[in-house]
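Pasting a structure below so you can have a look.
Each reported figure results from applying straightforward, stated rules to the coordinates on display, with no laboratory input. The structure displayed is predicted, hence computed values, not measured ones. We place every Cβ from the backbone using ideal geometry, glycine too, and count neighbours over all the protein chains shown.
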Amino acid sequence: MTTADIIPNKRQYHYYLNYLGEHGLSAKTIVIEENYISKDFLHDHATYYVLCFQDYKKVCKRVHFFAEAFDEQTLNANLLTSEEIPFWESYLGFTVVRPIPYTVIGYTVLRTYTEADADGQRNYWGLRKYKVHFFGRELVLKSLAFQEQDSVLAACATSAIWFTLNKASIDFSTILKVPSEITKDAAKLQTDGNRLFPNKGLTLPQISQAIHISGLAPEVRTATEEKKDALGDDTLYVKSEFVRKIVNAYAPIGIPIIMGIKVPMYDNSTGNSFYGFHAVSILGHKVGSENAPFAWKSDNITKLYIHDDQHGPFARVRFLEDGELQTPWTDIHPEQLPSYITSLVIPVYPKIRITYEDIESLVIGVYYILIAAFGENLEQQWDIQIKYSEDYKKEILVSSLEDADKLSIISSSMPKYIWISTLYSGENKVMEIIFDATGVKNAMIGLRLNTFLDEDVKAYIKEFIVNHTDDLKSLFGASGIKYIDFLIDNL
């Protein structure tokens, strides 16, 4: 068991104080549910703890948080009321306390911050609905489950995978397993001969293996840039611009993205700083209140929201210099050293075969056509996202397109997943190009082009492309002439 004097030394304890405190969710009341059976812990208990000499109990406690202050008499009265009353709107969520040494924070579901504040709009795209049964009352929270890494049965990467699968299991009918099962799946690529439990960490191929076995396809992006880190050592990193693009692009399908980071650590006994590798799950981002004057809409992203099993749920991460982040690890380090982005693992549905980079290369071709037609000073801001085609059709119904165009789009047959590349000039939508996300990379995957332009402007662009076909087709690779014909036919 973990004694009370140990808890204040945990990073998660301090994170919870802040997240649930007056500057966070402002929890006013705590209700403790004794003798709670957690399905997740029960499985891990049977896998490992039941075989220990020491008698580890299988029964947990569940701690509930409320934004409203009340006493036991008020709670009992509200529990006996069958009517829906405002009291229950103050429910903030719960955390399970496990009866094991040190890593006590089990299955946790907490409310997020509000979606808007003074400096931008928060987009928590990696959430799902949870039904919480509170003494006979069913409450619903939109959140993403969290738990602290049990260092015996899981690594930080295991926790990151578990966070991701918690969402994907709802939308994609994938298999949600407990951390010990995820570790076993990952260990099918174990090559160093080490024992599985206790687990000391997962490699990038093992992370991908566990995701693949769950029923998703992992897209891996590794560091390609190099510079000196804050301690003067060489480090590889992923460019911040690319991370923003990936987060923005895959956010609409709602599967949390696993991010590998190099985090600053501090040895209190020696006073030395060093870096260690860690994995977290990205499940949201914040868009700044002002549009950045760049070529990509994703450049407006200022923060990420992550689940970090070593700190807490919905932790805020801010972009610093290229490839650098201000993470909770930065905040607790004596010298506030930055963290570095080392990799991304993007879990997608297996039928999604076209990547973000495939679409970006095509968009860049259109970008240069417009520059050639209108000159270098043309203002262009592109937004590339993958979406469910049904969600796109719902958006079309409230767009400024003519009714005939709306009917044409919503009645057309489309694949389940589509890439949408939208061109903006300032706040105005200029055009959007729809691509098949399930197609073949080297084929012509364009489905439709919608424009929000005057007819004379459309005619000018079309004429320019017709007159310069031989020069422009090389912008689109092997299927260049097919893409040129696609643009001409749809303008």
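What is the sum of charges, Lys and Arg at +1 and Asp and Glu at -1, for the other residues whose Cβ falls under 13 Å from the Cβ of Tyr36? Provide the component values of the computation, followed by the final result.
Details: positive: Lys39, Lys57, Lys58, Lys61, Arg62, Arg98; negative: Glu33, Glu34, Asp40.
Taking every Cβ under 13 Å from that of Tyr36, the sum is +3.
Work out how much length Asp234 to Lys351 would gain on full extension: take 0.36 nm times their residue separation and subtract the Cα-Cα distance, in nm to one decimal. Spell out each step's value before the answer.
Working: separation 117, 0.36 × 117 = 42.12 nm, distance 3.82 nm.
Contour length minus Cα-Cα distance gives 38.3 nm.
Moving on. Could you pull out every one of the lysines with an alpha carbon less than 21 Å from that of Lys177, ignoring same-chain neighbours closer than 8 positions?
Here the lysines satisfying the reach criterion relative to Lys177 are Lys39, Lys58, Lys129, Lys131, Lys142, Lys167, Lys188, Lys200.
Would you order Tyr392, Tyr19 from fewest to most other beta-carbon atoms within 10 Å of each residue's own beta-carbon? Walk me through the numbers on the way to the answer.
Values: Tyr392 19, Tyr19 22.
Exposure proxy ranking, most exposed first: Tyr392, Tyr19.
In debye to the nearest 20, how big a dipole does the chain give about its Cα centre with +1 on each Lys and Arg Cβ and -1 on each Asp and Glu Cβ? If you can, show how the numbers build up before the last one.
Numbers: 48 positive and 63 negative charges, 347 e Å.
So the magnitude is around 1660 debye.
How far is helix 204-214 tilted, in degrees, relative to the longest principal axis of the Cα atoms in the chain, given as a value from 0 to 90 rounded to the nearest 10?
90
Consider just the alpha-carbon atoms of segment 356-490 and return their Rg together with their Dmax, both in angstrom.
Radius of gyration, then largest Cα-Cα span, for segment 356-490: 14.4, 38 Å.
Compare the peptides 93-104, 26-37, 360-371, 337-348 by average per-residue count of other Cβ atoms within 10 angstrom and give them in order, highest first.
337-348, 93-104, 360-371, 26-37
I would also like to ask the following. For an R0 of 56 angstrom, estimate the FRET efficiency from the Cβ-Cβ distance between Ala69 and Glu379 and round to the nearest 0.05.
Values: r = 52 Å, r/R0 = 0.93.
Efficiency computed from Cβ-Cβ geometry: 0.60.
Pop out the ³J(HN,Hα) list for segment 25-37 in order, Karplus 6.51 cos²θ - 1.76 cosθ + 1.60 with θ = phi - 60°, rounded to Hz; leave Gly and Pro as x.
Along segment 25-37, the couplings run 7, 6, 5, 10, 9, 10, 10, 9, 9, 7, 6, 9, 9 Hz.
Also, I was wondering about something else. Once amide H atoms are built 1.01 Å from N in the peptide plane, which residues 5 or more positions from Ile105, or in another chain, come under 5 Å H to H?
Under 5 Å from the amide H of Ile105 lie the amide H atoms of Arg98, Glu148, each far enough along the sequence or on another chain.
Here is a further query. Hey, fewest Cβ within 10 Å first, where do Asp299, Asp391 land in order? Before the final figure, lay out each step's value.
On the way: Asp299 18, Asp391 13.
In increasing order of surrounding Cβ atoms, one gets Asp391, Asp299.
Shifting gears a bit: For Lys10, give me every one of the aspartates and glutamates with a C-alpha distance below 13 angstrom, ignoring sequence neighbours fewer than eight places off in its own chain.
Once the sequence-local aspartates and glutamates are set aside, what remains near Lys10 is Glu148, Asp309.
Considering amide H positions built from the backbone, and no H for Pro or chain starts, which residues 5 or more places from Arg448, or on another chain, come under 5 Å of its amide H?
So Arg448 has HN proximity to Ile434.
What is the spin-label model distance, in nm, from Ser361 to Ile332 if the labels are put 7 Å beyond Cα along the C-beta direction?
Once both label points are built, they end up 4.3 nm from each other.
Right, something else. Where in segment 43-72 does the label zone of Tyr102 land, with the point 7 angstrom along Cα→C-beta and an amide N cut-off under 17 Å?
Answer for this model: 49.
Nearest 10 degrees, 0 to 90: what angle lies between the long axis of helix 240-250 and the longest principal axis of the chain (Cα atoms)?
Its long axis makes an angle of about 90 degrees.
For the peptides 463-474, 435-446, what is the packing order when you average, over each peptide's residues, the other Cβ atoms within 10 Å and list the highest mean first?
Numbers: 463-474: 14.5, 435-446: 18.2.
Ranking the peptides 463-474, 435-446 by packing returns 435-446, 463-474.
Moving on. His43 to Lys458: extension gain in nm, 0.36 nm per residue of separation minus the Cα-Cα distance?
Working: separation 415, 0.36 × 415 = 149.40 nm, distance 6.16 nm.
Value of the extension gain: 143.2 nm.
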